[in-house]
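Any read-out appearing in this document is the output of simple, stated calculations on the displayed coordinates, not a laboratory observation. Computed from a prediction, not measured in an experiment: that's the story for all the values here. Here the Cβ is made from the backbone with ideal geometry for all residues, glycine too, and neighbour counts use every protein chain on show.
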Amino acid sequence: MNLDRKTKLVVLHAHHSNIDFTEAALQDANVEQIHHVDPGFIDVIKNKSKHQIEKRVQTQLEWLAASKPDAILITCTNYSLYIKGSEINDIPILKIDELFFQSLLDYSNVTLYFTNDETVEGTTHRLKDYFKQVKSKVDFQVKLIDHAFELLMSNKHDAYSKVIVDYIGKNPTQGHIVFPQLSMHQAATHLKSKGFNVITPVDTLKKAEIYMRQI
């Protein structure tokens, strides 16, 4: 490995607000991050057939791979649902949700909190498949925090985080708190400062950093 050369990581997001989280999480690694955002993918899932969605995802991956990165990181679970395989044109595809799911194996009981109802089905489907694959017996529950996601869509990030923090404070839960959405990381940071144990995908990006260091 050439220590003087930055490894090139192409990152695909569903929302631009997630860029800052991956940038911060990998800032100590010798990695050049190139970000792409596909905010319309949720609408594609709603209106297209499975074949059409898979074709779009494949086309997108081929376009990302054309820039010859060392790896591609997918931060959107709904994208990961339609990706077959772990590489394209010999370029590794890292799925943040798989790294995240691995970290949940350390716990026996977790509660997953969402603010975006459009991500619940895809994430829980992927999680169930993953737990089945690794023969895990982790119990998990799902809760949706209402009236928060529209604040994020209006770029009211502080208000968005406050709704999440207030909800957790008023609704204590058994088991570990899990925030599957990258956008919830700021709220998780606030809660951790108050003594809550919160698990987020950003916490597991260390695994991606280790992988990139080995390239």
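Quick look at the values:
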{"item": "Residue in region 124-135 that is out of contact with any Ser or Thr (no Cβ under 6 Å at 6 or more places or on another chain), of a type in the set (S, T, N, Q), in contact (Cβ under 8 Å) with a residue 24 or more places away in the chain and more than 30 Å from Asn30 (Cβ to Cβ) present", "result": "no"}
{"item": "Top-ranked residue in region 23-49 [being among the charged types (D, E, K, R) and closer than 22 Å to Glu87 by Cβ; ranked as surrounded by the most Cβ atoms within 10 Å (Cβ to Cβ)]", "result": "Asp38"}
{"item": "Test: Thr115 is within 20 Å of the chain's Cα centre (by Cα), of a type outside the set (A, V, I, L, M, F, W, C), within 30 Å of Ala66 (Cβ to Cβ) and buried (at least 18 other Cβ atoms within 10 Å of the Cβ)", "result": "no"}
